[in-house]
Amino acid sequence: MTKHPLKDHSLTDHSLSNQPRPAVAVLGLGSMGQALAGAFLDAGHPTTIWNRSDGKGDGLVARGAVRAATPGQAARAAEVVVVCVVDYDAARAVLDQAADDLPGRLLVNLTSDTPERAREAAAWAEALGVDYLDGAVMVPAPMIGTPEALIFHSGTRSAYEKYEPTLKALGGRTAYVGEDHGLAAVHDLAVLDFFWMAMHGLVHGFALAATEGVRAAALAPYVKVLADLLADMVDGTAADLDSGKFPGDLDNLTVEAANVRHIVRAAEHRGLDAAALRGVLTAADRSIALGHGADNWTSIVEGIRDPA
């Protein structure tokens, strides 16, 4: 059995050339951090864990993880250091404690934030001479380590390629999206923009039906029909946006905006908050005013891009 560096009570740099899997350290043991560490253990990686407060990670230790006393100690025990905490300020506070121990290792930041913060973190790592990948986890903790789990990574391509098998222990749909360290956050924000707007629409539609006594469970089968239709529309919408052409031969924005308008009217008449739908309608009306009334729904993007 391969010795784990801390099990051997050595806190100095070590060679991992004889190990079947690179040693990893996970800094931060919230529900996501624990899931990440658990996936590494399941994949056979010697795993060191650290958390700011006591009382977390006992189950991981029982499965073979080693608890470090400090972030620096955890980093010294690993070839790949993963940090996943509440925000970038918290991540920086943790990583500052390990700054002297990070050079020569790959730092993977799976803390969600903006592209700007990701690039700032990358500049900090570069100043230390540390290979850095920024990342975004797109699934809940229970899905980590499954073939369906999607995680974005961006940053040093050579580092990603070297450790791709290690990173894919966290999710079968792990994706590298480019050298710009901010691109994982861009993908994160864009996909979640769609997700949360869709979730709002789902709940809002159920709430609208409920005002007339229709139970959500009764409406659900019909919502699924439209959800399947939406999934089928993704590629075509993307193609229209990338080409900048919005053919309105099958539908047009003027007609679709009228449909949204009567939903807004019905929702407000029933005392529901229709602010999000009003935002959709405002963008559509703005696009129509810009001359896109005869174009398809995707031309609403012009009203989104020009909110003035």
*Could you run through the range 97-114 and say how many residues are of a type outside the set (V, I, T) and under 23 Å from S31 (Cα atoms)?*
8
*Would you call L219 out of contact with any Pro (no Cβ under 8 Å at 6 or more places or on another chain), in contact (Cβ under 8 Å) with a residue 12 or more places away in the chain and not basic (K, R)?*
yes
*Take A93 and decide whether it is surrounded by fewer than 16 Cβ atoms within 10 Å (Cβ to Cβ) and closer than 18 Å to L29 by Cβ.*
yes
*Subset of the range 206-246 [of a type in the set (F, W, Y), surrounded by 13 or more Cβ atoms within 10 Å (Cβ to Cβ) and either at pLDDT below 95 or part of a helix (DSSP H, G or I) (or both)]*: F206
*Test D249 against the stated conditions and say whether it is loosely packed, with under 11 Cβ neighbours inside 10 Å, among the acidic types (D, E) and not in a helix (DSSP H, G or I).*
yes
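Given the criteria touching a Phe, Trp or Tyr at 6+ places or on another chain (Cβ under 6 Å), β-branched (V, I, T) and not assigned by TED's automatic domain parsing to the domain that holds D273, does V137 qualify?
Considered against the rule, which asks whether it is touching a Phe, Trp or Tyr at 6+ places or on another chain (Cβ under 6 Å), β-branched (V, I, T) and not assigned by TED's automatic domain parsing to the domain that holds D273, V137 comes out as no.
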_So if I check each of S158, S154, which one is among the small types (G, A, S), surrounded by fewer than 21 Cβ atoms within 10 Å (Cβ to Cβ) and more than 19 Å from G30 (Cα to Cα)?_
S158
_Enumeration of residues in the range 101-138 that are aliphatic (A, V, I, L, M) and out of contact with any strand residue (DSSP E or B) (no Cβ under 8 Å at 6 or more places or on another chain)_ = A123, A127, L128
*Working only within the range 164-193, note down all residues that are over 9 Å from the mean Cα position of the chain (by Cα) and part of a helix (DSSP H, G or I).*
E164, P165, T166, L167, L183, V186, A190, D193
*Do you know which residues across the range 276-305 are under 21 Å from A190 (Cα atoms) and among the aliphatic types (A, V, I, L, M)?*
A276, L277, V280, L281, A283, A284, I300, V301, I304
*Assuming A275 fulfils every condition listed in (1) touching a residue at least 24 places away in the same chain (Cβ under 8 Å); (2) under 17 Å from L202 (Cβ atoms); (3) surrounded by fewer than 18 Cβ atoms within 10 Å (Cβ to Cβ) apart from one, which condition is it?*
(1)
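Residue-by-condition table, conditions (1) out of contact with any Cys (no Cβ under 8 Å at 6 or more places or on another chain); (2) over 30 Å from L272 (Cβ atoms); (3) surrounded by 13 or more Cβ atoms within 10 Å (Cβ to Cβ); (4) free of Cβ contacts under 8 Å to residues at least 12 places away in the same chain:
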{"site": "V130", "(1), (2), (3), (4)": "yes, yes, yes, no"}
{"site": "G145", "(1), (2), (3), (4)": "yes, yes, yes, no"}
{"site": "E148", "(1), (2), (3), (4)": "yes, yes, no, no"}
{"site": "K168", "(1), (2), (3), (4)": "yes, yes, yes, yes"}
{"site": "R173", "(1), (2), (3), (4)": "yes, yes, yes, no"}
{"site": "L189", "(1), (2), (3), (4)": "yes, no, yes, no"}
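The values are calculated or read from the model by the stated rules, or taken from the named source; none is laboratory data. The model shown is predicted, which means the values in this text are computed figures rather than measured ones. Backbone-built Cβ (ideal geometry, glycine too); neighbour counts: all protein chains shown.
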